[in-house]
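The values are calculated or read from the model by the stated rules, or taken from the named source; none is laboratory data. These numbers come from a predicted model, not from an experiment. Glycine also receives a Cβ, built like all others from the backbone with ideal geometry; neighbour counts cover every protein chain displayed.
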Amino acid sequence: MIIHLFSWLFVTPICLILLSVEPNVALGQCLDEQQSLLLQLKNNLVFNASKSTKLVTWSSNSDCSAWEGVSLDGEGRITGLNLSSEWISYGIHNSSLFNLQHLKSLDLSLNNFNSTIPDEIGNLSTLSHLNLANAGFVGQIPITISHLTNLVTLDISTLIDLMISTSKLENPDLGIWFRTFPSSKNYILMV
């Protein structure tokens with residue numbers, strides 16, 4: 001009886017953890033239109049290919065499920081995009097990024113965009129995690145971020161040493177954001 005109870009108490013949490021993890025789909029199952037959007041995104045970005053570890057793996061010769069920095073759901077849709085430390089410079093305005101309608105996690109940290117955060121960021125309505133830390137964005141944070149009603153974590157932090165920091169965001173009106181977010185959620189905001 002004790003062994004049976006112990007087995008149940010040990011196996012059940014492991015099964016729950018395994019079921020909650022969202023793995024990449026098997027190689028070859030990335031939806032064509034999703035892969036096309038990522039290739040358009042890559043082609044429109046200015047980045048240092050000699051220092052890139054993720055974008056350089058993106059090729060039409062391989063399925064996007066094998067690409068670094070890309071996470072998919074079981075149906076082959078892109079749910080996570082990690083482009084941190086990819087040496088990206090200049091903006092992402094008019095980007096195919098904003099057509100990734102199933103994106104839940106977006107990490108653009110540690111780059112040097114040197115542009116404003118595009119208003120289109122508000123189109124990514126399924127985002128729950130957004131990391132813009134030290135990404136080199138300038139200007140005001142767009143109010144359209146308040147359209148991200150599924151957002152749980154937002155990191156807009158910068159390095160303390162201003163000589164190193166590339167972000168030049170102006171003071172945001174956080175009250176406007178939080179008045180539009182559902183009050184039933186817990187948020188993590190890193191500024």
- Task: Collect the residues in the range 97-138 that are at positive phi and touching an Asp or Glu at 6+ places or on another chain (Cβ under 6 Å), keeping them in residue-number order.
- Result: none
- Give the range 47-81 a look and list any residue that's within 15 Å of LEU108 (Cβ to Cβ) and among the hydrophobic types (A, V, I, L, M, F, W, C), or say none. PHE47, LEU55, VAL70, ILE78, LEU81
- Message: Within the range 143-159, does at least one residue satisfy the condition of being over 24 Å from GLN34 (Cβ atoms) and modelled with pLDDT under 60?
- Response: yes
- Residue in the range 100-130 that is nearest to GLY69 (Cα to Cα), counting only those that are out of contact with any Lys or Arg (no Cβ under 6 Å at 6 or more places or on another chain) and hydroxyl-bearing (Ser, Thr, Tyr): SER105
- Message: Taking the condition of being more than 16 Å from ASN44 (Cα to Cα) and touching a helix residue (DSSP H, G or I) at 6+ places or on another chain (Cβ under 7 Å), how many residues in the range 66-93 meet it?
- Response: 7
